[in-house]
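The values are calculated or read from the model by the stated rules, or taken from the named source; none is laboratory data. These numbers were taken from a predicted model, which means no experiment stands behind them. Please note: Cβ atoms are built from the backbone with ideal geometry, for glycine as well, and neighbour counts cover all protein chains shown. The protein model used for the area step is the full one, side chains on, heavy atoms only, and it has no ligands, DNA or RNA in it. Shrake-Rupley method; radii C 1.70, N 1.55, O 1.52, S 1.80 Å.
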Amino acid sequence: MSASATSPKRRPWLPWLIGLVGLGLIAWRMFYLHGVNETFNAAFFSGAVVRSLQLGSLYALIALGYTMVYGIIRLINFAHGEVFMVGAFAAYFLFTKTPYSWPVAVLVGAAVGYGVMQFLGFFRTEKRDPIVLAGALIAFAVVTFALASTQLGWFAAMVASMFITGVLGMTIDRVAYRPLRGAPRNSMLITAIAVSFFLQNFGILAFSNRQTPFRPQSFWTSMLQFNVFGEPLYTSWMIVLVPVVTAVLVVALTLFVTRTRLGKAMRATAQDAETAQMMGVNVDRVIATTFLLGSMLAAAAGVLWGMTFGSINQPAIFGILPGIKAFAAAVIGGIGSLPGAVVGGVLLGFLENFLTALFPRTAAFGGITEYKDTFAFLAMILILLIRPSGIVGEDLSEKV
Amino acid sequence: MKPPLDGAPPVPAPAAYVPHYTKRRTRNTLLTLGGLALTVLVLLLVDGGTSSKLKQVFALFAIWGIATVSLNLVNGVTGILSLGHHGFMLVGGYTTGLLILPAATRETLASSARSNLSDFSIGLSVENMLRGVGLDALTTPETLWARFLIALFIGGIMAALFGVIVGFPSLRLRGDYLAIVTFAFGEAIRLLASTPMMSSFTNGALGFAGVPSSFGKSVWWTFGLLAITIFVMARLKYSSYGRVLQGIREDEIASEAMGVNTSYHKVLAFAISAFFAGVAGGLWVSWVGTARLDLFLFFLTFYFLVAISVGGTGSITGVLLGTALVVWVRQYGDPLEQSYPLSTWVVAAGAVLVALAVIAYIIRRTRRLRPQLNPLVYVPALLGVGLALFGLYGSDLASLQTRWQGFGMRAITLSVVLIAIMILRPSGIMGRREFSWAWLFRERLDEPTEEEKRQDAWLSNPALAGKQEDADDDEEVKP
């Protein structure tokens, strides 16, 4: 890789130029479309924008798991899409039973509270720390109340599913990936593919083998209508919920990575695992935490995905496309970098949804809706060929 | 040789170098001929036998064998993890299928309202091409075999073109990035094939039925093409090209420093591999009789990956062994996916647990781990025995009477086998070795010379035992 070794010339104005020209072109295209047909009005485009943001947030949540795992052990966790699938199905089986009777709700709440206590105690040195106890109590109260009430069933299901799926992620790491530490990267990748296949077919075996409706009782999935310049836009409250939950989770993750001891250990391991181990970092624990956090985010994305689209596909194919697209988002943003995953996810959401809205089906043109699944792949291949480190990523090119 | 000085005995001339493959040549040739004759005999029996399922299984083994041996060129010999093989097979399969479609089927497709095929692609057939050239002799029904061969060849060439396109990112990317890009290409080919742009050739999600299946299901055709593939791949592996590809696998930077044009060789490997994948795709479409998009999902590449990893990455014979396993599980594994009462499943789960415990025990024994019976061994064993007893004696319970169907059990089995192989024996059954008679009879080919025996004796001298490490340590060069 001698060509990439030469440092590129600094051109700070280039991104701004590309952005401005791009925005100009988009505005021009929008006005042109409005001139062609009255249905392409402000409501049409703002609907596309909010849907892009929604889809982009979901991609970002999944992409964070890919980028964290890649940053720490340089493994493309092929099974992450399937972890996302398991998260959605776990929540489905939880909320289809809501509202639970009070004793059941108290039991499940206690279990989740205990899990939260273990999880918080995982990176607090003092187990009886007030923060740990407070977190456990809050989790207990919230989950118990949510399970027993009707409206918040989806929320309890999401929290419980996050913990279940997080444990699944840690188990995958323990069973399949930890015995292979230090093995060639190709065999790790093949193992990840095998785990992914296992989970797909296990899902068919255990969950369902057909498309499943995913409609928890919730105010958020109800219809929302507002006017944009006098034109009505019909959508659901999910366009508010998804970006908000994503933002909360991303902020929590950032705080965890930057402000806690375990987060610091994670950053150290990502930088240089061997040295971190010599400095007393328990690398295996750090990797387990990474899988836990990534899988929790994927489970949240699974629940939100199901609520957004109203149904989840059968397990063998549900995880593949979102998973691989989120991986593409992580690569576009710069794999290994947390802000990169968010940027790449949102960008991919816009690429898929907004670009389709910019080239809609008209009398003269067939539209590009049928092609939108390939955008992620093409964008990823282009990014890898032009700038392999991604938009905000560091240079990861192989050295001798 | 120097003349002897002052009457000292003359230095004996070193024995001439005898290549190992010249030893026991007659026996090996006879054995090889016998093996080939045995294969032909088995094929004759299968072909003449009454079981059409057995015939299909043999044909499928040969078709997938072509695909795995070709994937092995990229994955095993060149060391590039390529995950887009199903895309190449799709290209070859659809091309072959469209080119060989019988005229009657074309007419029904042309008049059908649900068909997306354009008039151009309806007219696209080997038959019309040969008529255009004036070779009317090859357009009779008796010469369908010639047209099928031509269609297979064109399909292979089309796939090879795609292989060149996919090979180009390999010039800039390495390792898992490249693997993901090949995967993305493979998926993008399949997704593009269903779009309006390409459905004038592929007929979208419907595909087209009526591809003649007399070739894909014929043992002679498939095994003949498999033999050609193996011959080409084996010759390639031991040619100068093959050495270069193995050099790229071992250390790409070093081989570049030795003056090898790695870009050319990598793209070449992709193109050759894709050509044979296209041929395999054509046969696969012919085996099924239909060109459909769901024949070319990623599971195909996954099966090939299992075959390669289980058999031994880089070894052609190992890969064929793995293919046999995969095809066997796929074609004879349907008892796994049928509906049984829950008690049967409980007993089966117990048996699997006991088997796992036994395997764990054997591993602990061979690795001399102490204690030999640790919780990893006896907990699953006791749990398994308990489950089996529960399933056997509780089979009258109403809750264990409900029937339960094991969807996806075959794929689960294969993925568990793959994970286990990757953890316990990453090099697979054969490793990088190829089958040879000497290997089978465990003969030592490189009999040490007197000089080497003396050196061995010197090295195993216990007085020198402590200093051996220094002798091996050639990484640090001291001034």
Handout entry: Close pairs from region A:147-160: first under 17 Å from A:Gly302 (Cα atoms), partner open to solvent by 10 Å² or more (accessible area, probe 1.4 Å) and part of a helix (DSSP H, G or I), Cβ under 6 Å, at least 6 apart
Key = A:Gly153/A:Phe95; A:Trp154/A:Phe95; A:Ala157/A:Leu94; A:Ala157/A:Phe95; A:Ala160/A:Leu94; A:Ala160/A:Val112
Problem - Matching entry among B:Gly350, B:Gly318, B:Gly384 (being under 30 Å from B:Ser273 (Cα atoms) and surrounded by 15 or more Cβ atoms within 10 Å (Cβ to Cβ)) - result: B:Gly318
Practice task
Taking the options A:Val286, A:Val281, name whichever one is more than 27 Å from A:Arg29 (Cβ to Cβ) and either open to solvent by less than 10 Å² (accessible area, probe 1.4 Å) or within 14 Å of chain B (Cβ to nearest Cβ) (or both).
Solution key: A:Val286
Exercise for the section: Report whether or not B:Ala159 is away from chain A (no Cβ under 14 Å), touching a residue at least 24 places away in the same chain (Cβ under 8 Å) and open to solvent by 20 Å² or more (accessible area, probe 1.4 Å). Expected result: no
Handout entry: Residue match in region A:281-297 (condition: free of Cβ contacts under 8 Å to residues at least 40 places away in the same chain and aliphatic (A, V, I, L, M))
Key = yes
Handout entry: Which listed residue is at the interface with another protein chain (Cβ under 9 Å from one of its Cβ atoms), under 30 Å from A:Arg210 (Cα atoms), open to solvent by less than 70 Å² (accessible area, probe 1.4 Å) and touching a residue at least 12 places away in the same chain (Cβ under 8 Å), from B:Leu400, B:Leu418
Key = B:Leu418
Exercise for the section: Would you check if A:Pro339 is surrounded by fewer than 22 Cβ atoms within 10 Å (Cβ to Cβ) and closer than 13 Å to A:Ala60 by Cα? Expected result: yes
Practice task
Could you list, in sequence order, all residues of region B:395-407 that are within 23 Å of B:Arg330 (Cα to Cα) and touching a Gly at 6+ places or on another chain (Cβ under 8 Å)?
Solution key: none
Practice task
Kindly indicate the residue of region B:175-215 that is facing chain A (nearest Cβ under 9 Å), touching a helix residue (DSSP H, G or I) at 6+ places or on another chain (Cβ under 7 Å) and assigned to a loop (DSSP other than H, G, I, E, B) and also modelled with the lowest pLDDT among those meeting that condition.
Solution key: B:Pro196
Exercise for the section: Scan region B:300-323 for residues that are within 12 Å of chain A (Cβ to nearest Cβ), under 9 Å from the mean Cα position of the chain (by Cα), among the polar types (S, T, N, Q) and part of a helix (DSSP H, G or I) and jot them down. Expected result: B:Ser309
Completion exercise
Only unsatisfied item for B:Val74, checking (1) under 20 Å from B:Trp221 (Cβ atoms); (2) of a type outside the set (Asp, Glu); (3) within 14 Å of chain A (Cβ to nearest Cβ), is (1)
Exercise for the section: Hey, can you tell me all the residues within region B:109-128 that are part of a loop (DSSP other than H, G, I, E, B) and open to solvent by less than 30 Å² (accessible area, probe 1.4 Å)? Expected result: B:Ser115, B:Leu117, B:Ser125
Handout entry: Filter result for the condition that a residue is surrounded by 18 or more Cβ atoms within 10 Å (Cβ to Cβ), away from every other protein chain (no Cβ under 14 Å) and either within 25 Å of the chain's Cα centre (by Cα) or of a type in the set (Gly, Ala, Ser) (or both), over A:Leu33, A:Leu58
Key = A:Leu58
Exercise for the section: Name every residue in region B:38-51 that is within 14 Å of B:Trp220 (Cα to Cα) and open to solvent by 50 Å² or more (accessible area, probe 1.4 Å), in order of residue number. Expected result: B:Thr39, B:Val40, B:Leu41, B:Val42, B:Leu44, B:Leu45, B:Asp47, B:Gly48
Handout entry: Residue count, region A:175-204 (criterion: assigned to a helix (DSSP H, G or I), more than 7 Å from every other protein chain (Cβ to nearest Cβ) and of a type outside the set (A, V, I, L, M, F, W, C))
Key = 5
Completion exercise
Those residues of region A:322-337 which are touching a Leu at 6+ places or on another chain (Cβ under 9 Å), within 11 Å of another protein chain (Cβ to nearest Cβ), outside any loop (DSSP other than H, G, I, E, B) and aliphatic (A, V, I, L, M) amount to A:Ala328, A:Ala330, A:Val331
Exercise for the section: Return yes or no: is A:Ile172 under 27 Å from A:Phe155 (Cα atoms), facing another protein chain (nearest Cβ under 7 Å) and touching a residue at least 60 places away in the same chain (Cβ under 8 Å)? Expected result: no
Practice task
Please indicate, with yes or no, whether at least one residue in region B:204-218 is aliphatic (A, V, I, L, M) and under 25 Å from A:Gly71 (Cβ atoms).
Solution key: no
Problem - Boolean, A:Leu321 is surrounded by fewer than 16 Cβ atoms within 10 Å (Cβ to Cβ) and under 22 Å from A:Ser196 (Cβ atoms) - result: yes
Problem - Flag for A:Ile383 being surrounded by fewer than 24 Cβ atoms within 10 Å (Cβ to Cβ) and either in contact with a Pro (Cβ under 6 Å, 6 or more places away or on another chain) or at pLDDT 85 or above (or both) - result: yes
Problem - Whichever residue in region A:357-380 is more than 9 Å from chain B (Cβ to nearest Cβ) and of a type in the set (Phe, Trp, Tyr) and, among such residues, is least open to solvent (accessible area, probe 1.4 Å) - result: A:Phe375
Exercise for the section: Could you tell me which of the residues A:Gly71, A:Gly113 is in a helix (DSSP H, G or I), free of Cβ contacts under 8 Å to residues at least 40 places away in the same chain and surrounded by 21 or more Cβ atoms within 10 Å (Cβ to Cβ)? Expected result: A:Gly113
Handout entry: Those residues of region A:136-165 which are in a helix (DSSP H, G or I), farther than 11 Å from A:Ala105 by Cα and either touching an Asp or Glu at 6+ places or on another chain (Cβ under 9 Å) or not small (Gly, Ala, Ser) (or both), in sequence order
Key = A:Leu137, A:Ile138, A:Trp154, A:Phe155, A:Met158, A:Val159, A:Met162, A:Phe163, A:Ile164, A:Thr165
Handout entry: Pick from region A:199-226, criterion more than 21 Å from the chain's Cα centre (by Cα) and among the aromatic types (Phe, Trp, Tyr), ranking: least open to solvent (accessible area, probe 1.4 Å)
Key = A:Phe207
Problem - Subset of region B:231-265 [touching a residue at least 12 places away in the same chain (Cβ under 8 Å) and surrounded by fewer than 12 Cβ atoms within 10 Å (Cβ to Cβ)] - result: B:Glu250
Exercise for the section: Give region B:324-344 a look and list any residue that's more than 14 Å from every other protein chain (Cβ to nearest Cβ) and outside any helix (DSSP H, G or I), or say none. Expected result: B:Pro341
Practice task
Can you tell me which residue within region B:266-308, out of those that are within 21 Å of B:Leu191 (Cβ to Cβ) and polar (S, T, N, Q), is least open to solvent (accessible area, probe 1.4 Å)?
Solution key: B:Thr301
